[in-house]
1. Within the bounds of region 327-344, is there any residue that is closer than 15 Å to Ser292 by Cβ, of a type in the set (Ser, Thr, Tyr) and out of contact with any strand residue (DSSP E or B) (no Cβ under 6 Å at 6 or more places or on another chain)?
2. Which condition number in (1) more than 24 Å from Trp77 (Cα to Cα); (2) at pLDDT below 85; (3) surrounded by fewer than 20 Cβ atoms within 10 Å (Cβ to Cβ) is the one that Gly261 fails?
3. Under 21 Å from Gly414 (Cα atoms), surrounded by 21 or more Cβ atoms within 10 Å (Cβ to Cβ) and of a type outside the set (S, T, N, Q): which single residue out of Ala137, Ala161 fits that description?
4. Among the residues of region 199-214, write down those that are within 13 Å of Asn73 (Cβ to Cβ) and touching a Gly at 6+ places or on another chain (Cβ under 9 Å).
5. Can you go through Ala120, Ala137, Ala152, Ala82 and tell me which one is out of contact with any Cys (no Cβ under 8 Å at 6 or more places or on another chain) and outside any helix (DSSP H, G or I)?
6. I need every pair where a residue in region 75-97 that is in contact (Cβ under 8 Å) with a residue 40 or more places away in the chain has its Cβ under 7 Å from the Cβ of a residue that is acidic (Asp, Glu) and assigned to a helix (DSSP H, G or I), sequence separation at least 6 or different chains.
7. What residue, of Leu373, Leu319, is in a helix (DSSP H, G or I), in contact (Cβ under 8 Å) with a residue 24 or more places away in the chain and either closer than 27 Å to Gly261 by Cα or of a type in the set (Gly, Ala, Ser) (or both)?
Amino acid sequence: MSVETTRSANPDATTRPESPDPTTTEHTAADPAEPDGSRSSDDRPGTPANAGMFAALANRNYRVYVSGSFVSNIGTWMQRVAQDWLVLELSGGSGLAVGITTGLQFLPMLLLSPWGGLVADRFDKRLILKLTQAWLALCAALLGVLAITGVAATWHVFLIAFAFGLGTAFDNPARQAFVSEVAGKEHLANAIGLNSATFNAARIVGPAVAGVVIATFGSGWAILSNAVTYTAFIGALVLIDARTLTISPPAARAKRQIREGLAYVRRRPDLLLVMGTVFFLGTFGLNFQMTSALMAQQEFHKGAQEYGILGTIMAVGSLAGALLAARRRSTPRGRFVVGMALAFGVIEIAAGLMPSYLTYAAILPLLGLAALLTLTAANASVQMTVDSRLRGRVMALYMMVLMGGAPIGAPILGWVGEVFGARWTLIGGGALSTLGVLLCVALLARGQRLHLVPHLHAPHLSVERRAA
């Protein structure tokens, strides 16, 4: 039986009230409400006790969405590998050039994400995604043709990476918010986990295929392949039945709407903790394409094919983490996010100390597992507790802090790799990520009271304001 989400006849039905005190995430068994006033799916009457790891796939729209996304993500991972390798080829192995490319690609996320979130809240998210996907396909096609014809120079890659980031700044908030419309509140946690699973299944295929294509035909053909795969996701968006989407009412045009989203997050210390955690991971820890490229070429003296294999091996751990996350039906707590983030930092430091290509490859699945469990829990904890009227703006802020730190961290780590060696990009990235997470907890603890609250199933992190 298909479990389709329907558009409510009542336009207000999709907007759930906030709790009286959105700064508190403390709930007991007698009060299972989420901070936005809604109940989690596991507390919803009539919801099966165990809907299964693939519950969201019962929704036809979600099946179409995730199928197109999977094909497109294979191309995305092919380009990520090929673009970094192309920069290394054009720049004579410069880690700084790779870092600058990464920084330029994510700089628009830092500058424009709040506006991207506002656009997602105001307009049809499916239309936004069609436009942004077409723009990203055009960017990939242009870079691929330049590389194939031998015209490409490092500055071309810099410029196109920035243009790619412009599209991503508007694509990501709309995509994050659109998932809730496709899957519905009931299966949102499962859908987030399955999205990560398909993304990382593509990550297993994409880098391996890219390595073969680069070694056989060159980087340009791998990048051009990505342009073609965007058509799969655009086609999926066309095939989605709009009548069965759970559409949130669009935000009315008004002044200070971006400030409204910022103010909402400031009143939610639980969101501040999660966003602070992912900021430090995104800035210093999650630069795998760059760090693995430097390790493969400079430390282990390997080629493009071996570099692609590293991405595939890491994706095995990431996929395992995503499937574990898909089993979760309740809202993840901040305590879990922080704990996994600290574990990630320690494993990344250990990866930088591995003595050989094989031992480095062996630890990558653990690194991928920790990264995915952290990010999936962080994403779900934000999406499932935010007021639906502000979801686009809040998710834009989330993506901004997650990806917007790359313009800062990637060039720094690229310089570190060039001056001190590739290993220090991992050791330094893991150490800075760990220290940053601990700093977030310490700063919030000064003005807030963080403690464990007894729960029927497991303790979770609660944040309460300390009396002045």
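The values are calculated or read from the model by the stated rules, or taken from the named source; none is laboratory data. Predicted, not measured: the structure shown is a model, and the values here were computed from it. Glycine also receives a Cβ, built like all others from the backbone with ideal geometry; neighbour counts cover every protein chain displayed.
1. At the first step, the residues of region 327-344 found to be closer than 15 Å to Ser292 by Cβ are none.
Looking through region 327-344, none of the residues is closer than 15 Å to Ser292 by Cβ, of a type in the set (Ser, Thr, Tyr) and out of contact with any strand residue (DSSP E or B) (no Cβ under 6 Å at 6 or more places or on another chain).
2. (3)
3. Numbers: Ala137 fails: under 21 Å from Gly414 (Cα atoms).
Going through Ala137, Ala161 in turn, just one is under 21 Å from Gly414 (Cα atoms), surrounded by 21 or more Cβ atoms within 10 Å (Cβ to Cβ) and of a type outside the set (S, T, N, Q): Ala161.
4. Start the filter on region 199-214 by keeping residues that are within 13 Å of Asn73 (Cβ to Cβ), which leaves 199-207, 209-210.
Across region 199-214, the qualifying residues are Asn200, Ala202, Arg203, Ile204, Gly206, Pro207, Val209, Ala210.
5. Working: Ala120 fails: outside any helix (DSSP H, G or I); Ala137 fails: outside any helix (DSSP H, G or I); Ala82 fails: outside any helix (DSSP H, G or I).
So the residue among Ala120, Ala137, Ala152, Ala82 that is out of contact with any Cys (no Cβ under 8 Å at 6 or more places or on another chain) and outside any helix (DSSP H, G or I) is Ala152.
6. So the pair list comes out as Ser94/Glu418; Gly95/Glu418; Leu96/Glu418.
7. Values: Leu319 fails: either closer than 27 Å to Gly261 by Cα or of a type in the set (Gly, Ala, Ser) (or both).
None of the other options fit; the residue is Leu373.
Results for (1) modelled with pLDDT of 80 or more; (2) more than 22 Å from Trp77 (Cα to Cα); (3) not aromatic (Phe, Trp, Tyr), shown as yes or no for each residue.
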position	(1), (2), (3)
Leu142	yes, no, yes
Ala153	yes, no, yes
Phe170	yes, no, no
Glu186	no, yes, yes
Phe217	yes, no, no
Ile234	yes, no, yes
Asp241	yes, yes, yes
Ser248	no, yes, yes
